[in-house]
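Have a look at the structure below before the remarks.
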Amino acid sequence: MKIEQLSHLCEVIESGSFTIAAEKFFINEADMKESIISLEVEFGIKLIECDDESKVVPSFECLQIISHIKEIVRNCREIEEEIKSLHKKSSVNTMYDVSMF
């Protein structure tokens, strides 16, 4: 399981479409579907179903875990932002340290 796959799942559910989700991640629809299928195989449960109008909907099992998945994705994004912030601070400190010599 990769964070990217969890992000894909969240976006597919939110948008209700593999196509829209794929566009958001700049990948093709087939790769988006493969990402979700891969998660389904790993988890051993069906995560996505299609309704009569070909709209993508979360499965019952997915509904039981999606709040946890969203929290994981949100936490990872926060960590990424914190790391970016640390890099910016580190760059400023490094420039300051170098300028003193």
Search result, residues across the range 33-64 that are closer than 11 Å to Ile13 by Cβ and assigned to a helix (DSSP H, G or I): Ile36, Cys62, Leu63
Extreme residue, surrounded by the most Cβ atoms within 10 Å (Cβ to Cβ), among residues of the range 46-68 that are modelled with pLDDT of 95 or more and among the hydroxyl-bearing types (Ser, Thr, Tyr): Ser59
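Matching residues to (1) over 15 Å from the mean Cα position of the chain (by Cα); (2) at negative phi; (3) β-branched (Val, Ile, Thr):
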{"position": "Glu14", "(1), (2), (3)": "no, yes, no"}
{"position": "Ala22", "(1), (2), (3)": "no, yes, no"}
{"position": "Asp51", "(1), (2), (3)": "yes, yes, no"}
{"position": "Val57", "(1), (2), (3)": "yes, yes, yes"}
{"position": "Leu63", "(1), (2), (3)": "yes, yes, no"}
Qualifying residue in the range 82-92 (condition: surrounded by 15 or more Cβ atoms within 10 Å (Cβ to Cβ) and either of a type in the set (Val, Ile, Thr) or in contact (Cβ under 8 Å) with a residue 24 or more places away in the chain (or both)): no
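I want to confirm something. Restricting to the range 69-81 and keeping residues that are among the hydrophobic types (A, V, I, L, M, F, W, C) and closer than 19 Å to Val12 by Cα, which single residue is surrounded by the most Cβ atoms within 10 Å (Cβ to Cβ)? Walk me through it before giving the result.
To start, the set of residues in the range 69-81 that are among the hydrophobic types (A, V, I, L, M, F, W, C) comprises 69, 72-73, 76, 79.
From the residues that got through so far, the ones that are closer than 19 Å to Val12 by Cα too are 69, 72-73, 76.
On the way: Ile69: 20, Ile72: 15, Val73: 18, Cys76: 14.
My answer is Ile69.
The values are calculated or read from the model by the stated rules, or taken from the named source; none is laboratory data. Model, not experiment: these values are computed from the prediction. Here Cβ is always computed from backbone atoms with ideal geometry, including for glycine, and neighbour counts include all displayed protein chains.
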